[in-house]
Structures are given as C-alpha cells and as structure tokens.
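Trainee: Take a look at the following structure, please.
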Amino acid sequence: MSKARGGAATAKSLAAGRNDTRGASSRGEIVYAALRAEIREGKLAPGDRLREAEIARRLHVSRTPVREALKRLQSDGLAAFSQPKGLTVAELSASQVADLYAMREVLAAAAARFAAEHASDLEIESLKHLAAQHGWVKTPEQASFNDRQIDRAIAEAAHNVYLLKALNVLQDAVSLLGRTTYAVPGRIKAGQAEIAAIVQAIADRDPDEAERAARRHIRAAGAVRMSMWLGKMSNESR
C-alpha cells in the first residue's frame, strides 16, 4: 500500500474517530498506529524526518493528534531528535544493534524450543510449507517477508502468550535496522539452509537442536548486520 493510499485509509478511520467520545485522544491513537505501521513496513526508514505539518497534511488531521503520536513514538524509542534534522525515525547505534541481536537470539531460541515441544501436526506442516517457499524467493524483500512469516509461525506454534508478546515488542526495534540482511550476496541461500534446519528440528520434536539451529540463524544474521552497519558508517565518514 502506498503512503497516499495508507493516508486515505487512515483518514477514514480518523473521520470515524471524530464521533468517538475520546475525541483527540482517539485520533492520536490512530495516527500513532499509522506511523508505527509505516516504520514497521519500511515506508518510514531510520533517519527519515518526521515533520508534524507534513504528517498532518498527509493523514488529513490537525497537528494536535500528530503531536500526541510523535510523543508516543519517542517514548517507544521509535523516534528521536538529531541535529540538524530534528525529529526523525530513530537510528540504532552499534551497541544497540548488538544488544538487539542478543535479545533476538534468546527469544528465537526459546520460540524454536517451545515449538518443538508444543506445535501441532498442522502447524508443523505449515512451517514446512513456508520453509519450502523460502527456496523460491528471488529478491531480498521477498526473503525478508517470508522470514517474518516463518518467525511468526514458529512463535505461534510455541503456544506461549508471553513469548509472543515479547517478540511483538521486539519487532518494533527490528524495524529500525533498515535494509534487510538478505540484500547481501549469498545471504538468501545461507538463510534458506538455516531456516530449513530449524524447521526440521521442530518437525523432529527435538527441542535442543531446534534451539541450537535458531541461535545459529540469528548469530549469522547478526554478523551480516554488523558488517552492513560498519560499511555504512565507513561510507558516511568519507
């Protein structure tokens, strides 16, 4: 969905919200949800400026609910002030990237272990189907999308509501990483093998191997991510 179409859809929601007793608070919630979705979907990238007036115009609202939404994004760590740009979509430092992947490893490992222990036969068949699809992806964007689908399926197969909530919160931070690691040559093929190993361990009902495979996958992705980050910093310093 384009930003224009997204703005139109949001405008309809906001129009309905005007009749809500919560008034401006309701509209602020809708604007917040719209901006958060744009960050998650990559339509707003790390470093992009968040101009109050431009957002209000695009979403067909006054500046008051936009201001409320931007404050929430800052509170969530999704937006930050930087000089000379002003308020932008947050950009992660090297230490934050490392911390994020450390937490991703912990949660992904737990999800894979629990899925191996609790997944239904139908959930395992669904995981096998998604893993097979990964072998047919052609672009980094397709690979990233399918990877997220697999991550979600594993988390749901774990049947642990608290783990699912933690992974959902972490996804906001993952959105701030920028371009997918699958853009690096060879990463799609390597990722395919790593994902296949995770799914096979879950299908074999082997929690220990599922956890190990998940950790290997996240560590490999993290190493590629740090290489991308260092390359970006090197280019910007020239």
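Trainee: With labels modelled as points extended 7 Å from the Cα through the Cβ direction, what inter-label distance (nm, one decimal) is found for residue 118 paired with residue 51?
Mentor: It works out to 4.8 nm between the two label points.
Trainee: Please identify which residues in the range 136-153 have an amide N closer than 20 Å to a label point set 7 Å out from the Cα of residue 128, following the Cα→Cβ vector.
Mentor: Residues 136-137, 147, 149-153 qualify, since their backbone N sits under 20 Å from the label point.
Trainee: Determine, for 136, 229, the number of other Cβ atoms within 10 Å of each Cβ, and report the residues in order from fewest to most.
Mentor: Going from sparsest to densest Cβ surroundings: 136, 229.
Trainee: Taking neighbour Cβ counts within 10 Å as the exposure measure, how do 104, 187, 152, 63 sort from fewest upward?
Mentor: Going from least to most buried by this count: 63, 152, 187, 104.
Trainee: At a Förster distance of 25 Å, what's the computed FRET efficiency of residue 142 paired with residue 223, Cβ-Cβ distance as r, to 0.05?
Mentor: On the way: r = 22 Å, r/R0 = 0.88.
Once the sixth-power term is evaluated, E becomes 0.70.
Trainee: From the backbone phi of the range 105-113, what are the Karplus-calculated ³J(HN,Hα) couplings (6.51 cos²θ - 1.76 cosθ + 1.60, θ = phi - 60°) in whole Hz, Gly and Pro given as x?
Mentor: 5, 4, 6, 5, 5, 5, 4, 5, 4
Trainee: Also, I was wondering about something else. For the range 27-88, what percent of Cα pairs sit more than 13 Å apart?
Mentor: Summing the P(r) tail past 13 Å for the range 27-88 gives 58 percent.
Trainee: I would also like to ask the following. So if we plug the beta-carbon distance of residue 62 and residue 208 into 1/(1 + (r/R0)^6) with R0 = 35 Å, what FRET efficiency do we get, rounded to 0.05?
Mentor: Efficiency for this residue pair is about 0.05.
Trainee: A further question on this structure: Could you give the distance between the Cα centres of the range 176-212 and the range 92-113, to the whole Å?
Mentor: 14
Trainee: Can you tell me the orientation of helix 24-40 relative to the chain, as the angle in degrees between its alpha-carbon axis and the longest Cα principal axis, to the nearest 10?
Mentor: Tilt of helix 24-40: around 40 degrees.
Trainee: Also, quick follow-up: Measure off 7 Å from each Cα along the Cα-to-Cβ vector at residue 40 and residue 169, then give the distance between these two points in nanometres to one decimal.
Mentor: A separation of 1.6 nm, rounded to one decimal place.
Trainee: Considering all alpha-carbon pairs of the range 172-213, what whole percent are spaced by more than 15 angstrom? Please report the intermediate quantities before stating the final value.
Mentor: On the way: 480 of 861 pairs.
Looking at the range 172-213, the distances longer than 15 Å represent 56 percent of pairs.
Trainee: Show the residues, 5+ positions off or on another chain, whose built amide H is closer than 5 Å to the amide H of residue 79.
Mentor: Answer set, sorted by chain and number: 74, 90.
Trainee: Oh, and also: When only C-alpha pairs under 8 Å and at least 6 residues apart count, what is the relative contact order of the chain, in percent? The partial results should precede the final answer.
Mentor: On the way: 286 pairs, mean separation 52.4, N = 238.
Averaging sequence separation for qualifying contacts and normalising by length gives 22 percent for the chain.
Trainee: Here is a follow-up. Dividing the Cα radius of gyration by the Kirkwood radius, what Rg/Rh value follows for the chain? Each step should come with its number before you reach the end.
Mentor: On the way: Rg = 19.6 Å, Rh = 19.3 Å.
We get a ratio of 1.02 for the chain.
Trainee: Hey, another quick one. Would you kindly derive the ³J(HN,Hα) couplings of the range 158-164 from the backbone phi angles with the Karplus curve 6.51 cos²θ - 1.76 cosθ + 1.60 (θ = phi - 60°), listing them in order in whole Hz, with x for Gly and Pro?
Mentor: 3J(HN,Hα) across the range 158-164, in whole Hz: 6, 6, 9, 5, 6, 5, 4.
Trainee: What value, in deg cm²/dmol to 500, does the helix sum -39500 (n - 2.57) over DSSP H runs of n ≥ 4 give at 222 nm once divided by the residues of the chain?
Mentor: Computed ellipticity for the chain at 222 nm equals -24000 deg cm²/dmol.
Trainee: Across the range 123-202, how large is the tail of the calculated P(r) beyond 21 Å, expressed as a percent of all Cα pairs?
Mentor: The proportion of pairs with Cα distances above 21 Å equals 31 percent.
FYI, it's all coordinate maths here, none of it is from the lab. Since this is a predicted model, take the numbers as computed values, not measurements. Virtual Cβ from ideal backbone geometry, glycine too; neighbours counted across all protein chains shown.
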